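Here's the structure, in structure tokens; my notes come after.
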Amino acid sequence: MKFWFITGSQFLYGEETLRQVEENSKIIVDGLKGLPFPVEYKLTAKTESEIEKIVKEANYDDECAGVITFCHTFSPSKMWINGLALLQKPWLHFHTQFNETIPNEEIDMDYMNLHQSAHGDREHGFIGARLRMPRSVVAGHWKSAEVQAKIADWQRAAVGAIFSKSLKIVRFGDNMREVAVTEGDKVEAQLIMGWQVNTFAVGDLVEEMNAVTEAETDALMAEYAKLYDFKEEDTEAIRYQAREEIGIEKILKREGAMAFSNTFQDLHGMKQLPGLASQHLMSKGYGFGAEGDWKTAGLTAIVKAMYPEGNTSFMEDYTYDYQHELILGSHMLEVCPSIAADRPRIEVHHLGIGGKEDPARLVFEGKAGSAKALSLIDIGGRLRLIAQDVTCEKPFQSMPNLPVARTMWKPAPSFLEGLECWIIAGGAHHTVLSYDISDRTVQDLARILGIELAVINKDTTTLSLERDLKMDDVIYARHW
Ligand code: MN
């Protein structure tokens, strides 16, 4: 994916100024080489038809993940209206300036006309506001690391949003019976998020698993051995998980899907609940949701697409330690090893739920560090993304009889008020735990996708959150 850079100008200042604008724009773009995704200078726009044409090209180009605009000089905004109205890609208004300071001797009226983004970008900002278009704004000198980090945050969100728009989610079986929060309007989800959420028969998965060859299983076992420790006597159970993983991945690849859900209530013909299989698939970038939770599966896939080398997992809030003010997060089996502090072990243990054979799973402790817990819920008529700042800590107990991957964290603003906020917002017990995603990326992602965002951070109070949510009910009220 790449990003297109379009500089705004006009013919008013003459050919020499336009030549200088183009030259400077190329230097700025060259200075953005350290960003996670490449930026390509496209043109200095001077007319309505140029803008309309470049926007149409951006919309049509599958590799273009977004458009960055900057007005080096004044660029009258009426000539931008028709083009911007057609824009279907994420938009960043980069409010920068070629020079960092004002040169005392050099400055004259020609200099002022050339370096007037303080002036021209305000006209550009007005039209963005007037058109009520979702756009992100980053201000500051283009060489600044801090400024570039903000552009990087937006790039991640844009890539995540573009990924979302073509995401396919495979559901093996329905949602867990009677559970509310994992339900949702799949038509709305496709309209807003772009997700194609469809069901596939567990029996067909079993057929796919049974067709897996010994050689394919051997190859995956060799990969497991490279990444994880395990005991020789567990090999048969682990080989069964390998067959599950290969069978699931074949169906995902066939369908072009990057996320899947399953449920322990619908494993007909399968001997084990996929544990290691789902965990290793997540580490390869697939989104996952247990108990039919396709929304968390989709969100996990998006965050993984934004941070391919990152630390992101499907997660579940399980139990509390009030004394140490910590949440123990885990799942029956399925936690992604990308968040492991140390090399994970494969273990085979009894699972009290589901009535199947003892499943092989990866056991490890999550790493310490700041992270975010994300939850996407269907609040009725719209999707709400909840993002809570959390601090993960190394588990302080060995928990020898808990053979699952686990992590512990403290939510913001404080333990108890953090819990109150989460419950008030309606956040699910399933989350996406990400150590990578920043405040700005969460905000940019919600803005680009047009979904409600409820942020719970150090500044949130139960009162402020309740006010935000009531306000959102008004903002997002249906208008048809
Ligand atoms: Mn669960």
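The values are calculated or read from the model by the stated rules, or taken from the named source; none is laboratory data. Small disclaimer: the values here were computed from a predicted structure and weren't measured. Note that each Cβ is placed from the backbone with ideal geometry, even for glycine, and that neighbours are counted across all protein chains shown. Protein only, heavy atoms only, side chains kept; ligands, DNA and RNA dropped before computing areas. Shrake-Rupley method; radii C 1.70, N 1.55, O 1.52, S 1.80 Å.
Measuring r between the beta carbons of E417 and I475 and using R0 = 22 Å, the FRET efficiency lands at 0.35. Once the 1.4 Å probe is applied to the protein heavy atoms, the chain comes out at 44 Å² accessible per residue. Using the average count of surrounding beta-carbon atoms within 10 Å as a protection proxy, the listed peptides 386-395, 140-149 rank, highest first, as 386-395, 140-149. Computed over the alpha carbons of the chain, Rg followed by Dmax gives 25.1, 82 Å.
By average Cβ neighbour count within 10 Å, what is the ranking of 404-416, 312-324 from highest down?
Ranking the peptides 404-416, 312-324 by packing returns 404-416, 312-324.
Amide H contacts under 5 Å for V39: F3, restricted to partners 5 or more places along the chain or on a different chain, H placed in the peptide plane at 1.01 Å from N.
Note on T47 and E214: their simple-model spin labels are 7.2 nm apart, each label 7 Å out from Cα toward Cβ. Rg over Rh for segment 2-165 works out to 0.95, using Cα positions for both radii and the Kirkwood form for Rh. Amide H to amide H distances under 5 Å link I456 with A387, Q388, D389, where only residues 5 or more positions off or on other chains count and H is placed in the peptide plane. Placing pseudo-labels 7 Å out from each Cα toward the beta carbon at K165 and K284 gives an inter-label distance of 2.8 nm. For segment 1-57, with all protein chains present and a 1.4 Å probe, just round the carbon and sulfur fraction of the accessible area to a whole percent. So the carbon and sulfur contribution to the accessible surface is 53 percent. To put it simply, the accessible area of segment 265-402 at a 1.4 Å probe is 48 percent carbon and sulfur. For A139, the amide hydrogen comes within under 5 Å of the amide hydrogens of H95, counting only partners 5 or more places away or on other chains and with H modelled in the peptide plane.
Round to a whole angstrom and tell me the spacing of the C-alpha centers of segment 416-480 and segment 135-184. A separation of 14 Å, based on Cα centres.
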